[in-house]
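Chemist: Once you've had a glance at the structure underneath, I'll fire off some questions.
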Amino acid sequence: MWDYTDKVKEHFLNPRNVGEITDADAVGEVGSLACGDALKLFIKLDEKKERIVDARFQTFGCGSAIASSSALTEMVKGKTLDEALQISNQEIADFLGGLPEEKMHCSVMGQEALEVAIAKYRGVEAPKHGHDHVETEGEIVCKCFGLTDIFLKKVISSNKLHTAEQVTHFTKAGGACGGCIPKIKELIAEVMGEEKKAAPERPTKLTNLKKMQLIQETLENEIRPQLWADGGDLELIDIDGANVQVAFRKACAGCASSGNTAKFVEQKLREMVSPDITVQEVQG
Amino acid sequence: MKEIYLDNNATTRVDERVFEEMRPYFCELYGNPSSMHFFGGQVQKKVDEARSRVAALLGALPDEIVFTACGTESDNAAIRSALEVFPEKRHIITSRVEHPAVLTQCRNLTKRGYRVTELNVDGNGQLDLKELEAALDDDTVIVSLMYANNETGVIFPIEEAAKMVKAKGALFHTDAVQAVGKIPLNMAESAIDLLSLSGHKLHAPKGVGVLYVRRGTPFRPLLVGGHQERGRRAGTENTASIIAMGKACELAHLHMPEEAGRVREMRDRLERELTALIPNTRINGGGTNRLPNTLSIAMEFVEGEGILLLLSEKGICASSGSACTSGSLEPSHVLRAMGVPFTCAHGSIRFSLSRFTTDAEIDAVIKELPPIISRLRQMSPFGREFLNK
């Protein structure tokens with residue numbers, strides 16, 4: 001049994017706004033029977049056609065898919081179409097008090113249905129999504145679920161995903177035969193590379209405080225997620241000038257290759273923070 | 001809320017009689033059966049009695065019984081042993097619907113250069129022995145096929161398969177975790193070399209299993225160390241659980257015909273009523289020989305997790321063959337291998353009964369499930385389309 005929040009359970013057991021709007025201004029449909037989840041979203045606008053006054057849904061899917069759909073319909077009411085388009089899948093999950101990571105694709109489905117509905121209403125081409133299972137823009141990466149590189153890169157970037165497993169939880173890509181996982185890893189590296197290029201240049205001279213902050217940020221955002229992917233972890237013990245002391249945890253603790261991992265950490269910190277950094281593994 | 005437990009293929013309640021049998025072996029008779037003194041000796045006698053009781057249920061000899069920690073260990077030990085005994089042979093045969101204890105191991109072995117053939121099943125989940133015959137060659141070291149499937153209850157023609165395999169000179173192993181205690185087995189008249197079973201599937205505790213090793217079958221232990229289990233499985237015996245396993249097997253042996261008949265009647269009634277009350281259902285494996293306690297029913301246009309959560313609200317525990325309950329993203333490998341259409345596979349629910357299941361519990365499921373399916377179909381875009389036709 002999944003560890004659902006009380007709010008997820010409440011929205012699953014007593015979903016709000018189930019059904020259809022016969023004179024809906026916009027309808028967005030994503031998903032399929034093959035995929036295992038699908039959502040049909042109906043939206044009704046006010047007389048001025050500015051704000052959403054009603055939203056209803058029909059969902060085929062698991063408990064979190066139904067709860068996410070219910071949450072979405074509650075969230076969009078009273079918003080303009082532009083405001084509604086700003087709702088991210090993370091906000092849908094947050095509204096429910098969080099979703100298990102393996103279920104994040106349910107919140108992505110809600111966001112997709114909303115985009116499709118609004119695009120159709122505006123008479124512009126509806127964006128193609130992973131849940132549609134149709135030929136979409138870009139190159140198909142996951143053949144099992146019909147997901148393209150453009151779609152996957154968008155989800156990787158907007159949700160700051162670091163591992164192929166996370167991409168699977170958010171999109172389903174790689175969740176069946178697993179043959180596309182190497183390609184997903186390439187896409188993650190590509191997105192991280194693009195974001196790095198876009199990031200502001202590191203200042204040439206760092207104060208001690210800035211250096212310490214940057215070391216902590218790099219460990220948290222760049223290094224630890226990669227160790228988690230292999231069941232490991234590390235803890236920052238101390239920073240003394242350019243000397244960074246870390247202790248390895250979980251699978252990394254006592255691992256025969258911890259020396260190589262320490263070198264990796266050092267290389268990453270030199271690249272992201274300062275070329276004079278040395279990393280020392282300590283017991284702590 | 002009183003729970004209605006219909007997930008007995010996952011695990012079973014420990015029978016009170018089994019628990020009473022094992023109880024003294026924690027705080028009173030806690031000797032190590034390997035010790036030379038009288039205190040350990042009396043425990044050893046009880047372990048030997050358990051071995052005889054397990055052997056009696058299987059129609060085997062006591063010295064063919066090796067106690068292990070679980071069905072998975074037994075499966076792993078059987079296959080690894082065969083590979084060590086015949087290192088020159090590199091071909092393994094199994095089926096696409098095996099339990100992960102066998103399937104994952106076999107797939108991992110391909111990375112070590114082994115050739116693995118996974119036999120297909122038909123729409124009923126049944127094996128085609130001609131495919132097995134065609135797959136067998138001189139390089140085949142072991143064939144591992146489950147006796148009965150944990151999801152559908154489908155019983156494979158294991159005795160015919162074993163004879164075919166033996167004629168070709170390979171070893172034959174069967175994962176009989178779901179079959180033992182539910183249908184009669186007789187190793188004395190069988191060609192099976194190795195057979196796995198698990199205590200917690202037949203009202204013994206979790207953490208004890210058995211590997212049957214036919215007398216004369218070459219064997220290399222998975223766990224090495226002490227001389228326990230005549231050198232075939234090192235490690236201090238899980239004594240109380242082994243004694244419990246013996247009692248559970250004795251009870252199964254004594255009561256199987258009566259229990260199997262009663263359970264089958266309840267299962268059949270559940271199947272009949274649900275099929276009549278819920279349109280667009282199909283029984284997975286319904287067209288072939290099945291275990292008496294298992295019902296895998298597929299309901300179109302709904303997803304399994306939603307059904308399970310709503311059943312759970314009514315105190316009913318079942319299992320799903322859908323993706324979302326398991327953490328994987330595709331419907332179960334068993335249903336996919338059977339070619340169950342996606343419209344059904346996502347909405348498959350497994351009810352598995354036991355000796356403790358009552359008619360009143362079956363009545364409750366018959367009352368509660370149809371409105372749940374109706375509610376979810378009303379909520380589903382595909383279900384609404386279907387209902388509006």
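Chemist: What full-extension length gain, to one decimal in nm, is calculated for residue B:336 and residue B:314 as 0.36 nm per residue of separation minus the Cα-Cα distance?
Modeler: Roughly 5.0 nm would be gained on extension.
Chemist: For chain A, set up a GNM with springs between Cα atoms under 10 Å and report which of A:110, A:232, A:241 has the largest fluctuation.
Modeler: Taking springs between Cα atoms under 10 Å, the residue moving most is A:241.
Chemist: Shifting gears a bit: Using every pair of alpha-carbon atoms in region B:16-252, split the distances into 10 Å bins beginning at 0 and state the percent of pairs per bin, rounded to integers.
Modeler: Reading upward from the zero bin: 8, 34, 35, 17, 6, 1.
Chemist: Along its three principal axes, how long is chain A when you only count alpha carbons? Whole Å, largest extent first please.
Modeler: So the three principal-axis extents are 66, 39, 39 Å.
Chemist: Along the positive direction of the dipole of chain A (beta-carbon charges: Lys, Arg +1; Asp, Glu -1; about the Cα centre), which of A:12, A:66, A:207 reaches farthest?
Modeler: A:207
Chemist: Go ahead and set up a Gaussian network model of chain A, Cα springs under 10 Å, then flag whichever of A:33, A:227, A:81 fluctuates most.
Modeler: Highest fluctuation of the listed residues: A:33.
Chemist: For region A:208-281, state the average projected area of the convex hull of the C-alpha atoms over all orientations, rounded to one decimal in nm².
Modeler: 4.1 nm²
Chemist: I would also like to ask the following. Within chain B, which is the longest segment that contains none of the chymotrypsin sites (Phe, Trp or Tyr not before Pro) sitting in a DSSP loop with at most 15 other Cβ atoms within 10 Å?
Modeler: Result for the longest clean stretch: B:31-355.
Chemist: Give the calculated FRET efficiency between residue A:229 and residue A:194 to the nearest 0.05, with a Förster radius of 22 Å applied to their Cβ-Cβ distance.
Modeler: Here the calculated transfer efficiency is 0.60.
Chemist: Just need the relative contact order of chain B here, percent rounded to a whole number, with Cα pairs under 8 Å and 6+ apart.
Modeler: That works out to 22 percent.
Chemist: Using 5 Å bins from zero, what percent of all Cα-Cα pairs in region A:148-284 falls into each bin?
Modeler: Cα pair-distance distribution for region A:148-284, in percent: 2, 9, 18, 19, 16, 16, 11, 6, 2, 0.
Chemist: Taking R0 as 51 Å, what FRET efficiency do you get between residue B:289 and residue A:139 from their Cβ-Cβ distance, rounded to the nearest 0.05?
Modeler: 0.60
Chemist: Set the bar at 24 Å for Cα to Cα. Now go through A:210/A:250; A:9/A:44; A:185/A:263; A:211/A:268; A:40/A:172 and name every pair that lies beyond it.
Modeler: Where the Cα-Cα span goes over 24 Å, the pairs concerned are A:210/A:250; A:9/A:44.
Chemist: Just flag the trypsin sites (Lys or Arg not before Pro) in region A:138-241 sitting in loop per DSSP whose Cβ has no more than 13 other Cβ atoms within 10 Å.
Modeler: Values: sites: A:143, A:153, A:154, A:160, A:172, A:183, A:185, A:196, A:197, A:205, A:210, A:211; in loops: A:143, A:160, A:172, A:205.
Those that pass, being in a loop and sparsely packed, are A:143, A:160, A:205.
Chemist: Further question: So which trypsin sites (Lys or Arg not before Pro) in region B:1-44 pass both tests, a DSSP loop state and at most 12 other Cβ atoms within 10 Å of the Cβ?
Modeler: Numbers: sites: B:2, B:13, B:17; in loops: B:2, B:13.
Taking region B:1-44 and a limit of 12 other Cβ atoms within 10 Å, the loop trypsin sites (Lys or Arg not before Pro) found are B:2.
Chemist: What percent antiparallel are the DSSP beta bridges of the protein assembly as shown, to the nearest 5?
Modeler: In the protein assembly as shown, approximately 70 percent of DSSP beta bridges are antiparallel ones.
Chemist: So how far, in whole Å, is the C-alpha centre of region B:4-40 from the one of region A:2-35?
Modeler: 48 Å
Chemist: Let me spell out the model: positive unit charges on the Cβ of Lys and Arg, negative unit charges on the Cβ of Asp and Glu, origin at the Cα centre of region B:1-114. What dipole size does that give, in debye rounded to 20? Each step should come with its number before you reach the end.
Modeler: Working: 15 positive and 16 negative charges, 105 e Å.
Its charge dipole is roughly 500 debye.
Chemist: On to the next question. Just need the relative contact order of region A:238-284 here, percent rounded to a whole number, with Cα pairs under 8 Å and 6+ apart.
Modeler: Over region A:238-284, the number comes to 51 percent.
Chemist: Sticking with this one: Select from region A:1-103 those GluC sites (Glu not before Pro) which occupy a DSSP coil region and have at most 15 other Cβ atoms within 10 Å, ordered by residue number. It would help to have the intermediate numbers written out before the result.
Modeler: Numbers: sites: A:10, A:20, A:29, A:47, A:50, A:74, A:83, A:91, A:101, A:102; in loops: A:20, A:47, A:50.
Passing sites in region A:1-103 are A:20, A:47, A:50.
Chemist: What's the total accessible area buried between chains B and A, using a 1.4 Å probe, rounded to the nearest 100 Å²?
Modeler: Roughly 2400 Å².
The values are calculated or read from the model by the stated rules, or taken from the named source; none is laboratory data. Just so you know, these numbers come straight off a predicted model, no measurement behind them. No Cβ is skipped: glycine too gets one built from the backbone with ideal geometry, and neighbour counts run over all protein chains shown. Calculation scope for accessible area: heavy atoms of the full protein, side chains included, ligands and nucleic acids excluded. Shrake-Rupley method; radii C 1.70, N 1.55, O 1.52, S 1.80 Å.
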